[in-house]
Amino acid sequence: MTPERWRQIKQIFQAAFELPSAERQAYVQEACAGDAELRAEVESLLLSIEEEEFLSGVAASYVPDALAGEACDRNIGRRIGAYQIVRQIGEGGMGAVYLAERAGEFQQQAAIKLLRAGMDSRGIVSRFRHERQILAGLDHPNIAHLLEGGTTEDGRPYFVMEYVDGEPIDAYAARSGLGIKDRLRLFQQVCAAVQYAHHNLVVHRDIKPGNILVTGSGIPKLLDFGIAKLLRSDVPRETVGLTQAGFRMMTPEYASPEQVRGQPITTATDVYSLGAVLYQLLAGKMPHDFPSGSPTEMERVICETEPRPPSQVSGGPVARQLRGDLDTIVLKAMQIDPRQRYASAERLSADIQRHLDGMPIQARPQTLVYRAGRFVRRNRVSVAAAALVLVSLAGGMTVAIWQARVAQAQRLRAERRFNDVRQLAHSFLFDFHDAIQNLPGATPARHLVVNKALEYLNSLAQEAGGDVALQRELAEAYIRVGDVEGGTGLPNLGDKAGARQSYERALGIAGREAHRDPQSLEWQRLLARAHYSVGDIIAPTRDLAHAMPHYREAVRIFEAIAPRIQQDVAAQFEMVGAYESLGDFSGNPGFVNLGDLKGAKAAYEKARSIDQAVAAAHPDNLRSPRGVGLMDMKIGDVVMGMGNLEEGLRKYQSAVQAIEAVVERDPLNPTTRLMLGLATGKVGRAFERTGQTQAALAQYKKSSDIQRNVMAADPQNAMYKNSYGLSLQNYADLLRKTGDRAGALARYREALSIFQQLLALDPGTKWRQEECADIVAAIGELTAAKGRK
Amino acid sequence: MDPHPSPAGKVTELLLELSGGNRAVVDELIPFLYRELKRIAAAQLLNERPGHTLQVTALVHEAYLKLVDQSQVHWQNRAHFFGVAAQVMRRILLDYAKGRARAKRGGDLRRTSFDEALTVSYDRAYELVEIDEALQRLEALDQRQAKVVEMRFFGGLSVEETAEALGVSEPTVKREWAMARAWLHREISPA
């Protein structure tokens, strides 16, 4: 409105105002002379006169407490130290804050925190004396300076601080419409102040937006540094909880779990509160909700729950900016376990800087397990790479385990960590391992993965002795590690000694737990499994005296629980495994054995019948028909040993038929292909024994070709190597007999080099040494014969 | 010369300067009045029954008696004093009302510690803040009208005292008051 217009309105209005109200309208109409806008303006003002209530009272009646609030406050005008109190600028649980002036000098303003009478004044004063040098020495542009402190003549403690004319950081950011980046930069200045104080061994203990004022020129200043410590009550620590007086000094929204629990305060406490302030700045909401507001609820919420990621509560377009880095940074600072937070305010600020610079931040999101799981699903094929990435992904986990262990005081937090690690180990052990187990070339990856899992579980077991479920996972992990190291029937690394140790550990755990809880089916199964696994490792060393009891015990346990595991396919396979091994070492001529052919045949037949039943019940299952083929093969071995060559050949041929059917359905499975190679070799052996040499040679060739392919797909695999070597040896033996010296020599040499590699891996294996010696002798003989020729 | 004159001596001195036409001394007067008014209010209320209405006029008068050496001043000086006092009252009330209004709107209360929580009594702080904001707009249009509102509404001065302080006639004060009141009302009414 122009001054000219105002004058016009004013003139007409005031003239009309002098008239009786009945005449006003006519006057205004005339005076405005067709200026409709002017007339509307004046008329609307005249209408407002009728509002007689408006401004009828004095302003003071609108805010009766404005003066009454300080009515009882005789401190206004009071002199404290060198200062005179002017007015109250804040009120808190401990007392009030006043604006004060240095007596007689209006320009020298200060804030005085005057504590309530009765607040442990002697303790505060003596603590203040101890700390005033440090507190007064805090000289930082973002810290409000402590000027002096003491007690008033009536015994009330007070502190005089630099007066900061500003508004709380969150209000400032909102009012100034600061964007996320500007908020972060503002916050970094706060971090710098906190870091400075920490360097000077001062912890703030009560960082909150109300204590971070931003001046008109946009400079944040931290108030009350170190004051909270001076004010702490002398209640013994263990009784200080939320419900205790000590907590009232805190601001629950920004208080750390350790403060709520009355646990020791460290610089990590300030890091937590900084995180909470950052949360507020970014999300525009408090990190925690206390619907009922009761102290117990607050304690529970603060100590047990992680705030929702800021991006999830902020809403709007800002959410997108917060998702990812900033969520992670805030939640890292606000970890329940102090050790999980940023190590310092500086680190927090540095990660913010990285984010601002577009660099990767150092904090890691807490969803390792989820990510690992996703990774496995996406990368099943690129196994080795996947394993390496996974393990490096989990690199932080060793630290996590350590933290989980040391944080016993932080039980809940530790438990969560514990479960994360455990879940990760579990997914390594089962999901990931199983996903790659049948892929060619996967052996080193499996080893890496399983070992990692074991490492985690071992650490966990050290702190959770009484956790039965964990013990079970641990036992299973040991068995799997043993399998990968040197187990039978699966690709392995040929590390028999390591495998034996792993299996024996599993056996130790299972034995102890099964003894403690004899009714537990799980433990019986694991115990049986551990028994035959140990047997499988010992038996090839010819130490049958030690191996056989393990097999018998395994079979005995399975027989005892058989009715309870009929529906459990995995348990059925384990039972088959136990019978198979028992058969192998009882009387299979292909193994070091006790010479009990009948017992061996019976064991194999038992295993075969179980496989057949499973195959019938689960037509999609490939392992059971393969098992039937395997058992045919082994029954053939025993029957051959009994001298029944014709029946042996038939058994072998039916084995090849059964396994070929499985290979057709699952051509990439190396184990099945290996088995086909073995069965084919056995058919060759039977032909050889029955004098059908050419048929035998054809089968041997076919067998070693199959096995070479299997080995080539996974060159690290000791079992494939061994098996291929043996097929070469069989083939060479017959070639030698038929006079094909060159063919025999070539195959012996190849077999020897393979066996020597295996011997290097497992130097103690006597039969291997003997086998190598046999081959060396054969080579020597052939070479000599060649030379003589 | 006493380098640290008593508040009364200093206020009287400043008041005389103000009456002599030096408007700049108002800024110096304000802190004295701020303190004194609050102190008097506190003392008044201590002796009153709860639930009484604060007599702002009496408050200002008492401050005048306490802060000004009566032997040195004329009635015009008193009017000037009242003018500054009204300005100070406005500041006192707004300082309080702004904090109050913010607390009510922003839910600021939850942020503070437990035992200071929620001694909220019904007040019209927000309304007062609105009036003040509208009054600032009026100041830009018509300084005298705004002054009338400050003195009458915030300072609790009578028409006569307001006329004295502004050096205008009583009818003028009435006319200005009427229009200012109408204008402010229209300003803060929802459109």
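The values are calculated or read from the model by the stated rules, or taken from the named source; none is laboratory data. Everything quoted here is computed from the prediction, not taken from an experiment. Cβ placement follows ideal geometry from the backbone for every residue including glycine, while neighbour counts extend to all protein chains displayed.
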Task: Any hit, segment A:308-315, residues being surrounded by fewer than 19 Cβ atoms within 10 Å (Cβ to Cβ), of a type outside the set (Gly, Ala, Ser), in the same structural domain as A:Pro252 (by TED's automatic domain parsing) and part of a loop (DSSP other than H, G, I, E, B) - done: yes
- [ ] Out of A:Gly246, A:Gly275, A:Gly293, A:Gly226, report the one residue that is modelled with pLDDT under 75, buried (at least 24 other Cβ atoms within 10 Å of the Cβ) and not hydroxyl-bearing (Ser, Thr, Tyr).
- [x] A:Gly226
Task: Neighbours by Cβ (under 6 Å, 6+ apart or cross-chain): first from segment A:5-25, in the same structural domain as A:Glu43 (by TED's automatic domain parsing) and within 10 Å of A:Val42 (Cα to Cα); second in a helix (DSSP H, G or I) and of a type in the set (A, V, I, L, M, F, W, C) - done: A:Ile9/A:Val42; A:Ile12/A:Ala31; A:Ile12/A:Val42; A:Phe13/A:Val42; A:Phe13/A:Leu45; A:Phe13/B:Met179; A:Ala16/A:Val28
Open item on the list: Is it the case, given these coordinates, that B:Ile131 is at pLDDT below 90 and within 23 Å of A:Pro3 (Cα to Cα)?
Closed with: no
Task: Top-ranked residue in segment A:17-43 [being under 16 Å from B:Glu176 (Cα atoms) and either of a type in the set (S, T, N, Q) or part of a helix (DSSP H, G or I) (or both); ranked as nearest to the other protein chains (Cβ to nearest Cβ)] - done: A:Phe17
- [ ] Check segment A:690-699 and report whether any residue there is at pLDDT 90 or above and under 30 Å from A:Val484 (Cα atoms).
- [x] no
- [ ] Report, by residue number, each residue of segment B:133-157 that is surrounded by fewer than 22 Cβ atoms within 10 Å (Cβ to Cβ), facing chain A (nearest Cβ under 8 Å) and part of a helix (DSSP H, G or I).
- [x] B:Leu141
Task: Options B:Arg175, B:Arg186: the member that is under 18 Å from A:Leu47 (Cα atoms), in a helix (DSSP H, G or I), facing chain A (nearest Cβ under 8 Å) and touching a Leu at 6+ places or on another chain (Cβ under 8 Å) - done: B:Arg186
TODO: For residues that are in a helix (DSSP H, G or I) and of a type in the set (A, V, I, L, M), scanning just segment A:1-16, find the one that is surrounded by the fewest Cβ atoms within 10 Å (Cβ to Cβ).
DONE: A:Ala15
TODO: Kindly list, by first and then second residue, each pair from a residue in segment A:207-221 that is in a loop (DSSP other than H, G, I, E, B) to a residue that is β-branched (Val, Ile, Thr), limited to pairs with Cβ atoms under 6 Å and residues at least 6 apart or on different chains.
DONE: A:Lys208/A:Thr251
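So that you can scan it fast, the table gives a plain yes or no per residue for (1) closer than 27 Å to A:Glu476 by Cβ; (2) surrounded by fewer than 23 Cβ atoms within 10 Å (Cβ to Cβ); (3) touching a residue at least 40 places away in the same chain (Cβ under 8 Å); (4) out of contact with any strand residue (DSSP E or B) (no Cβ under 9 Å at 6 or more places or on another chain):
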position: A:Glu559; (1), (2), (3), (4): yes, yes, no, yes
position: A:Asp568; (1), (2), (3), (4): yes, yes, no, yes
position: A:Asp584; (1), (2), (3), (4): yes, no, yes, yes
position: A:Pro589; (1), (2), (3), (4): no, yes, yes, yes
position: A:Gly599; (1), (2), (3), (4): no, yes, no, yes
position: A:Arg623; (1), (2), (3), (4): yes, yes, yes, yes
position: A:Leu630; (1), (2), (3), (4): yes, no, yes, yes
position: A:Asp637; (1), (2), (3), (4): no, no, yes, yes
- [ ] Would you be able to say whether some residue in segment A:168-187 is at pLDDT below 85, away from every other protein chain (no Cβ under 14 Å), crowded, with 17+ Cβ neighbours inside 10 Å and not in a helix (DSSP H, G or I)?
- [x] no
Task: Residues of segment A:47-58 that turn out to be surrounded by 14 or more Cβ atoms within 10 Å (Cβ to Cβ) and outside any helix (DSSP H, G or I), as a count - done: 5
Task: Residue among A:Leu622, A:Leu594, A:Leu582 that alone is under 44 Å from the mean Cα position of the chain (by Cα), over 25 Å from A:Asn669 (Cα atoms) and not charged (D, E, K, R) - done: A:Leu582
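Table: residues versus (1) outside any loop (DSSP other than H, G, I, E, B); (2) at pLDDT below 80; (3) surrounded by 21 or more Cβ atoms within 10 Å (Cβ to Cβ); (4) more than 8 Å from chain A (Cβ to nearest Cβ).
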site	(1), (2), (3), (4)
B:Arg35	yes, yes, yes, no
B:Arg39	yes, yes, no, no
B:Leu45	yes, yes, no, no
B:Gly51	no, yes, no, yes
B:Leu54	no, yes, no, no
B:Ala58	yes, yes, no, yes
B:Ala63	yes, no, yes, yes
B:Gln76	yes, yes, no, yes
- [ ] Output the number of the condition that A:Ala603 fails; it satisfies all remaining conditions of (1) under 40 Å from the mean Cα position of the chain (by Cα); (2) surrounded by 18 or more Cβ atoms within 10 Å (Cβ to Cβ); (3) aliphatic (A, V, I, L, M).
- [x] (1)
TODO: Among what's in segment A:188-206 and is touching a strand residue (DSSP E or B) at 6+ places or on another chain (Cβ under 9 Å), not hydroxyl-bearing (Ser, Thr, Tyr) and not in a loop (DSSP other than H, G, I, E, B), pick the residue that is farthest from A:Val277 (Cα to Cα).
DONE: A:Ala197
- [ ] Evaluate segment A:36-46: report whether one residue or more is more than 25 Å from B:Gln143 (Cα to Cα) and crowded, with 18+ Cβ neighbours inside 10 Å.
- [x] no
Open item on the list: Looking only at segment A:64-87, filter to residues that are modelled with pLDDT of 75 or more and not charged (D, E, K, R); which one of those is nearest to B:Val129 (Cα to Cα)?
Closed with: A:Val86
Task: Subset of segment B:138-163 [without any contact (Cβ under 8 Å) to a residue 40 or more places away in the chain and of a type in the set (Gly, Ala, Ser)] - done: B:Ala140, B:Ala146, B:Ala163
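Quick grid of which residues meet (1) in contact with a Pro (Cβ under 9 Å, 6 or more places away or on another chain); (2) at pLDDT below 70; (3) of a type in the set (Gly, Ala, Ser):
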{"site": "A:Gly441", "(1), (2), (3)": "yes, yes, yes"}
{"site": "A:Arg446", "(1), (2), (3)": "yes, no, no"}
{"site": "A:Leu457", "(1), (2), (3)": "no, no, no"}
{"site": "A:Glu473", "(1), (2), (3)": "no, no, no"}
{"site": "A:Arg480", "(1), (2), (3)": "no, no, no"}
{"site": "A:Thr488", "(1), (2), (3)": "yes, yes, no"}
